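Written out below as structure tokens is the structure these notes cover.
The values are calculated or read from the model by the stated rules, or taken from the named source; none is laboratory data. Computed from a prediction, not measured in an experiment: that's the story for all the values here. Using ideal geometry, Cβ is built from the backbone for each residue, glycine included, and neighbour counts are taken over all protein chains shown.
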Amino acid sequence: MRFIRAFAAAALILMPSLTEAVGFGLNIRPQFRTEITSLPDGVYEVKAIGSSAPVNYWCGIGDYAIRTLGVPNKQRIYIFRAYEPGVRTVQFSLTPPPGADTKPGHSITVRKVGANMSASSAQNYCYDNFIMDTF
């Protein structure tokens with residue numbers, strides 16, 4: 001009985017930190033972290049800290065666009081330069097990149113120049129409780 005009580009107490013103490021670490025349960029949202037750098041010609045570079053899941057990049061640029069730049073929720077955000085594995089960055093722009101296919105798709109990617117979504121859709125990934133690690 002003593003073992004069960006100790007195990008239950010340990011589980012209750014560790015559970016909040018475990019759910020936060022994997023980003024699910026108890027309405028605890030994962031901590032997406034990014035660094036945004038403003039580049040010339042209206043391009044913004046997003047560097048992921050921690051997870052390099054596509055939603056992390058979209059969350060970072062969506063939140064930055066709405067809160068810092070003050071763009072409207074419906075403003076489209078475009079991938080200007082795709083994901084670079086070595087440096088873990090993606091460049092975004094509020095204007096379509098020249099010559100890129102900008103037809104909206106159904107996948108969340110950071111590997112296709114011209115891929116885009118609205119600022120509010122991108123920002124909403126900040127509130128997801130599930131990180132998708134696929135490109």
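In this structure, R88 does not satisfy being out of contact with any Phe, Trp or Tyr (no Cβ under 8 Å at 6 or more places or on another chain), modelled with pLDDT of 95 or more and farther than 18 Å from N124 by Cα. Considering region 79-103, the residues that are surrounded by fewer than 19 Cβ atoms within 10 Å (Cβ to Cβ) and under 19 Å from A53 (Cα atoms) include one that is nearest to the chain's Cα centre (by Cα), namely R88. Within the span defined as region 44-51, every residue fails to be within 20 Å of D128 (Cα to Cα), touching a residue at least 60 places away in the same chain (Cβ under 8 Å) and in a helix (DSSP H, G or I).
Kindly evaluate R67 against the criterion of being charged (D, E, K, R) and farther than 21 Å from D128 by Cα. For R67, the condition - charged (D, E, K, R) and farther than 21 Å from D128 by Cα - is not met. Restricting region 104-131 to residues that are modelled with pLDDT under 85 and more than 15 Å from R33 (Cα to Cα) leaves a set whose member that is surrounded by the most Cβ atoms within 10 Å (Cβ to Cβ) is G105.
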